[in-house]
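These notes are about the structure you will find just below.
The values are calculated or read from the model by the stated rules, or taken from the named source; none is laboratory data. Since the model is a prediction, treat every value here as computed from it, not as a measurement. All Cβ positions, even for glycine, are placed from backbone atoms using ideal geometry, and neighbour counts span all protein chains on display.
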Amino acid sequence: MDYNYLLLLLLLSSISFIQISSTKKICYGPYVTASSLEDLHQDIHLVEPLPIDCGGLSCEFYLSPSSALGSHGPLSAYGPLGITGPIGHYLWNPTTWRFRSNEIIDWTTSDMLFGRSNNPLSLTGPLSSESYHLKLPSINDFGKHLQALGLWGVLGPLGPLGALGPLGPLGPTGPHNTMNLAGHHSVSVKWTTNETHDFDLVEVLDESHVDEELDCSFMILGVISQIDETDRYYFNCKPNQFVTIVLVPEHSLDYFNISLFSSTDSSEKIASSDSMNYINFIQLELMNNNNGSFRIDVSLHEMHQYILAHSYRLIVTGSHDLLDLKEEENNIKGPHIIEC
């Protein structure tokens with residue numbers, strides 16, 4: 001064989017290999033979305049462990065659009081995270097009536113709560129291994145699937161309704177007033193009698209106040225003004241934790257899409273959710289040795305009301321490194337989990 005021809009073949013092979021390697025999608029970890037659950041069509045026979053006892057009603061019922069994950073559930077427009085809940089700027093929202101300058105009161109109340117060894121975020125609370133791995137699944141099969149990547153994991157203790165979310169002690173209804181609190185803020189919490197752990201506060205911001213990369217714990221009050229508008233937010237999550245992203249519409253006749261990208265590569269879509277039956281969310285297991293810098297895109301999918309603003313609440317909740325992700329790897333299996 002001609003020597004020059006052989007060199008040309010080797011060169012072309014090397015170029016092809018480099019191109020394939022450079023376009024390979026980064027694996028951040030398995031994830032679940034509202035769309036992947038919708039694709040089950042309430043058929044759960046391939047899910048492990050198979051949920052059978054969900055307390056009175058069938059487990060399939062809780063996957064119906066009119067149930068836990070849909071527009072009548074706790075993540076919906078009129079649930080506790082929505083416009084009629086405790087968080088907001090309207091007269092009926094308790095956060096409206098908080099004092100704007102109460103640093104001394106906040107410090108004292110914070111120390112009284114987070115400085116106690118039996119506080120809600122301590123080892124005796126719902127985030128401990130005993131509570132999460134033993135007590136929660138012992139309730140019934142619905143409780144088991146409230147764990148991360150479960151059928152109802154978005155509703156569980158690591159999601160926005162849990163102790164780490166905006167309704168918990170780290171949010172604006174806790175000892176710190178985090179409404180319109182720009183920047184990254186954390187608080188030291190007594191995890192055990194002799195050990196402390198730093199948790200991120202849940203800052204609640206209007207979209208006009210977001211002018212920097214956020215951390216892994218926040219709520220954005222946003223609005224889509226035009227049908228073709230896309231709102232983009234940048235945030236960073238340290239690896240070795242679960243990240244739950246939920247898009248709560250403020251009005252039940254508005255339907256939004258969410259897409260998650262790597263902020264270092266705007267063309268790399270990690271996950272997306274465009275369900276019309278469920279409230280859209282993404283729950284991602286963020287593994288080690290990966291870049292945790294992300295961009296979330298919010299757009300309007302459909303609108304069936306033309307009087308009120310097309311407003312939404314984007315909530316990102318990081319679980320911190322409280323769980324060993326290697327131990328969680330085979331905790332729950334099923335076609336609703338999208339693997340790398």
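Can you name the condition, by its number, that Trp92 falls short on among (1) within 21 Å of Ser275 (Cβ to Cβ); (2) modelled with pLDDT under 95; (3) loosely packed, with under 13 Cβ neighbours inside 10 Å; (4) not hydroxyl-bearing (Ser, Thr, Tyr)?
So the condition that Trp92 fails would be (1).
Exactly one of (1) touching a helix residue (DSSP H, G or I) at 6+ places or on another chain (Cβ under 8 Å); (2) part of a strand (DSSP E or B) is unmet by Ser311. Its number?
(1)
Kindly indicate whether any position in the range 59-80 is in contact (Cβ under 8 Å) with a residue 60 or more places away in the chain, charged (D, E, K, R) and not in a helix (DSSP H, G or I). Outline the logic, then answer.
Within the range 59-80, the first condition is being in contact (Cβ under 8 Å) with a residue 60 or more places away in the chain, and the residues that meet it are 59, 62-63, 65, 68-71, 73-80.
Subset that is charged (D, E, K, R): none.
Within the range 59-80, none of the residues are in contact (Cβ under 8 Å) with a residue 60 or more places away in the chain, charged (D, E, K, R) and not in a helix (DSSP H, G or I).
Taking the criterion of being at pLDDT below 95 and farther than 23 Å from Leu314 by Cβ, would at least one residue in the range 35-47 satisfy it?
Within the range 35-47, not a single residue is at pLDDT below 95 and farther than 23 Å from Leu314 by Cβ.
Taking the range 95-112 only, how many residues are at pLDDT below 75 and surrounded by fewer than 12 Cβ atoms within 10 Å (Cβ to Cβ)?
Our first condition is that a residue be at pLDDT below 75; within the range 95-112, this holds for 99-109.
Next, from what is left, pick out any that are surrounded by fewer than 12 Cβ atoms within 10 Å (Cβ to Cβ): 99-101, 103-104.
So the answer is 5.
Just name the residue that is surrounded by the most Cβ atoms within 10 Å (Cβ to Cβ) out of those in the range 314-340 that are outside any loop (DSSP other than H, G, I, E, B) and touching a Leu at 6+ places or on another chain (Cβ under 6 Å).
The selected residue is Thr317.
Being acidic (Asp, Glu) and in contact with a Ser or Thr (Cβ under 7 Å, 6 or more places away or on another chain) is the filter; apply it to the range 253-286 and report the residue that is modelled with the highest pLDDT.
Asp274
With the structure loaded, tell me whether Phe294 is in contact (Cβ under 8 Å) with a residue 12 or more places away in the chain, under 24 Å from His197 (Cβ atoms) and not aliphatic (A, V, I, L, M) or whether it fails that test.
It is true that Phe294 is in contact (Cβ under 8 Å) with a residue 12 or more places away in the chain, under 24 Å from His197 (Cβ atoms) and not aliphatic (A, V, I, L, M).
Evaluate the following for Lys269: is it part of a loop (DSSP other than H, G, I, E, B), on the phi < 0 side of the Ramachandran plot, surrounded by fewer than 20 Cβ atoms within 10 Å (Cβ to Cβ) and basic (Lys, Arg)?
Values: part of a loop (DSSP other than H, G, I, E, B): no; on the phi < 0 side of the Ramachandran plot: yes; surrounded by fewer than 20 Cβ atoms within 10 Å (Cβ to Cβ): yes; basic (Lys, Arg): yes.
Spelling it out, it is not the case that Lys269 is part of a loop (DSSP other than H, G, I, E, B), on the phi < 0 side of the Ramachandran plot, surrounded by fewer than 20 Cβ atoms within 10 Å (Cβ to Cβ) and basic (Lys, Arg).
How many residues does the range 127-151 contain that are part of a helix (DSSP H, G or I), out of contact with any helix residue (DSSP H, G or I) (no Cβ under 8 Å at 6 or more places or on another chain) and buried (at least 17 other Cβ atoms within 10 Å of the Cβ)?
Residues flagged as part of a helix (DSSP H, G or I), out of contact with any helix residue (DSSP H, G or I) (no Cβ under 8 Å at 6 or more places or on another chain) and buried (at least 17 other Cβ atoms within 10 Å of the Cβ) within the range 127-151 amount to 2.
Quick check: anything in the range 182-200 surrounded by 22 or more Cβ atoms within 10 Å (Cβ to Cβ) and without any contact (Cβ under 8 Å) to a residue 40 or more places away in the chain?
no
Give me the pairs, please: first residue somewhere in the range 257-268 and more than 21 Å from Glu302 (Cβ to Cβ) and in contact (Cβ under 8 Å) with a residue 60 or more places away in the chain, second residue anywhere and of a type in the set (Ser, Thr, Tyr) and in a strand (DSSP E or B), beta-carbon distance under 8 Å, and either six or more positions apart or on two chains.
Note: pairs meeting the criteria are Ser262/Ser293; Glu268/Ser262.
From the list Thr124, Thr84, pick out the single residue that is without any contact (Cβ under 8 Å) to a residue 12 or more places away in the chain, under 27 Å from Asn240 (Cα atoms) and part of a loop (DSSP other than H, G, I, E, B).
Thr124
Of the conditions (1) at pLDDT below 90; (2) touching an Asp or Glu at 6+ places or on another chain (Cβ under 6 Å), Asn4 clears all except one; give me its number.
With (1) at pLDDT below 90; (2) touching an Asp or Glu at 6+ places or on another chain (Cβ under 6 Å) applied to Asn4, the lone miss is (2).
So which strands (runs of 3 or more DSSP E) are wholly in the range 204-265 and hold at least 1 residues that are farther than 23 Å from Thr95 by Cα and of a type outside the set (Val, Ile, Thr)?
Where strands (runs of 3 or more DSSP E) fall fully within the range 204-265 and carry at least 1 residues being farther than 23 Å from Thr95 by Cα and of a type outside the set (Val, Ile, Thr), they are 230-236, 241-249, 254-262.
If a residue must be buried (at least 19 other Cβ atoms within 10 Å of the Cβ) and under 30 Å from Leu325 (Cα atoms), how many such residues does the range 201-239 contain?
14
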